[in-house]
Amino acid sequence: MILVTGGAGYIGTHAVLALMQSGHDVLVLDNLCNSTRSALDRVASLAGRRPRFVLGDIRNRALLDSVFAQFPIEAVMHFAGLKAVGESVREPLRYYDTNVGGSVNLCQAMAQAGVFRLVFSSSATVYGQSKKMPINEHCALGQPTNPYGQSKLMAEHVMHSVAESDPRWAIGLLRYFNPIGAHASGLLGEAPKSVPNNLLPYLLQVATGQRPSLPVYGTDYPTPDGTAVRDYIHVVDLAGAHLKALDYLMNHTGISVWNVGTGLGYSVLELVHAFEHVSKVKISLSFEPRRPGDIAQCWSDPTRARQQLDWVATRDLNCMLEDAWRWQCRNPEGYVLDTLELKIKL
Ligand code: NAD
Ligand code: WQD
């Protein structure tokens, strides 16, 4: 059985489904601070069976110990964490507590239970503004410009030290570039609980008329059209990388690091135009100054994941946008409808 922390969230639900579809038993541990149970109902309807679920917090050591005592867990995928960059500036301690403290707590509970396989959700944010493009895993780690990024870098340091301390550990750090998209069924996707911070969730709400226009932060970057460039990766491809990483950790101890991206960069305006083409919806834009802390460009060299994991991204930008648009049209309020339906049934 695989323990998936944060398995009710955006990326976690896609990973839980992929795990179940490849025959694994899954136990989700999530405190639902940024997700809902109905996301797991949808996973169950797609998988044809239900993942086990424990409502709880990764910072609760007694709970973790009882989970490891109760279930035959072979490995952990650790998605649970807080991810809003702006919020992390306002509430840094909450971010360090959850993302660093929670990860330390989890590693302690794993070691005590004799479970040493761990796949961790890291981020390309740990590179800061890399001087070299594309970014490979040898590139120097930067100075993330916000507590969220710092917390991911600190959690990586913790995991390096842990792996060095005991040869039984097998840890995979997956450095995600910019995950977007949704499950092709239109049943799973990203459901922001408040104003979206990230580009595509905001754009989708403009497209459905929930917001008047999309702010484009910065038009004077040293990029071909002046807007910032990112490597967008389909969330289903990203989930697939987790399965490959898990397989790899069955035969490799120590710590391994992989970039998870397509290797292609698109500017904000390129993404907007590609979306307009896919959806046939015109997006109204407002040009704004650069967002503090943003970097000009960031895209991956995914060679190591291809060579070591036999993983490549297979879904292109159009597919990411088509799937995201299907999700948004069917679920403009996220998973809220399911909750309402449930209340009516009760
Ligand atoms: P998400 O917010 O949708 O999912 C995170 C899940 O963790 C949520 O279900 C939340 O309820 C749960 N959670 C938070 N704190 C918890 C705690 N203390 N105990 C138990 N559960 C808790 O976010 P996501 O986009 O699915 O991201 C998953 C992971 O990937 C995070 O660690 C994030 O930092 C990392 N990551 C995300 C991105 C991105 O752009 N989405 C990029 C790089 C890395
Ligand atoms: C992409 C580009 C914005 C919103 C963040 C985190 C990173 C990782 C992924 C978790 C930027 C521009 C955005 C908008 C815009 N998360 N933009 N209008 O900043 O690359 O990465 O999410 O680990 O750590 O920092 O992603 O989607 O927020 O922004 O013009 O309304 O779109 O300025 O250039 P980012 P993003």
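Nothing in this text is a laboratory measurement; each read-out follows from the coordinates by a stated rule. Just so it is clear, the structure is predicted and the values come from calculations on it, not from any experiment. Cβ placement follows ideal geometry from the backbone for every residue including glycine, while neighbour counts extend to all protein chains displayed.
A Cα-only calculation for the stretch 268-315 places Rg and Dmax at 16.2, 43 Å. Sorting 307-315, 184-192 by average packing, meaning the other beta carbons within 10 Å per residue, from highest down gives 184-192, 307-315. Full extension of the chain segment joining residue 287 with residue 195 gains 31.3 nm, where the gain is 0.36 nm per residue of separation less the Cα-Cα distance.
Shape class for the stretch 211-346: oblate, because the ratio a/c of the largest to smallest gyration tensor axis (alpha-carbon atoms, square roots of eigenvalues) is 1.5 or more and b/c is at least a/b. Each other residue within a Cβ distance under 14 Å of residue 128 adds +1 if Lys or Arg and -1 if Asp or Glu, for a net charge of +2.
Charge dipole of the stretch 2-330 (Cα centre as origin; +1 on each Lys and Arg Cβ, -1 on each Asp and Glu Cβ, all else neutral): 440 debye, rounded to the nearest 20. Checking the cross-link pairs 83/131; 152/282; 132/282 against a 29 Å limit on the alpha carbon distance flags 152/282; 132/282 as lying beyond it.
The Stokes-Einstein estimate for the stretch 152-195, based on a Kirkwood radius over Cα pairs and taken at 4 °C with 1.567 mPa s viscosity, is a diffusion coefficient of 94 µm²/s. With a cut-off of 12 Å between beta carbons, the residues surrounding residue 170 carry a summed charge of -1, where Lys and Arg count +1 and Asp and Glu -1. Highest average first, the peptides 169-182, 63-76 ordered by how many other beta carbon atoms sit within 10 Å of their residues are 169-182, 63-76. From the Cα gyration tensor of the chain, with a ≥ b ≥ c the square roots of its eigenvalues, which class applies: rounded if a/c is under 1.5, or else prolate if a/b is larger than b/c, or else oblate? It comes out oblate by the Cα gyration axes.
By other beta-carbon atoms within 10 Å, ranking 4, 216 with the fewest at the front produces 216, 4. Rounded to the nearest 20 debye, the dipole size of the stretch 1-110 about its Cα centre is 200 debye, using +1 on the Cβ of Lys and Arg and -1 on the Cβ of Asp and Glu. In the chain, helices alone account for a calculated mean residue ellipticity at 222 nm of -12000 deg cm²/dmol, with every DSSP H run of four or more residues adding -39,500 (n - 2.57). How many percent of DSSP beta bridges within the stretch 2-330 run antiparallel, rounded to 5? Close to 5 percent.
Pairs of alpha-carbon atoms within less than 8 angstrom and 6+ residues apart define the contacts here; what relative contact order does the chain have, in percent? Walk me through the numbers before you get to the answer.
Values: 682 pairs, mean separation 65.8, N = 346.
After rounding, I find 19 percent.
Based on the convex hull around the alpha carbon atoms, the stretch 1-52 presents an average projected area of 2.9 nm².
Can you work out the PRE-style zone for residue 158? Point 7 Å along Cα to Cβ, and I want the residues of the stretch 104-133 with backbone N under 19 Å. What the label zone holds, given the 19 Å backbone N cut-off, is 104-127.
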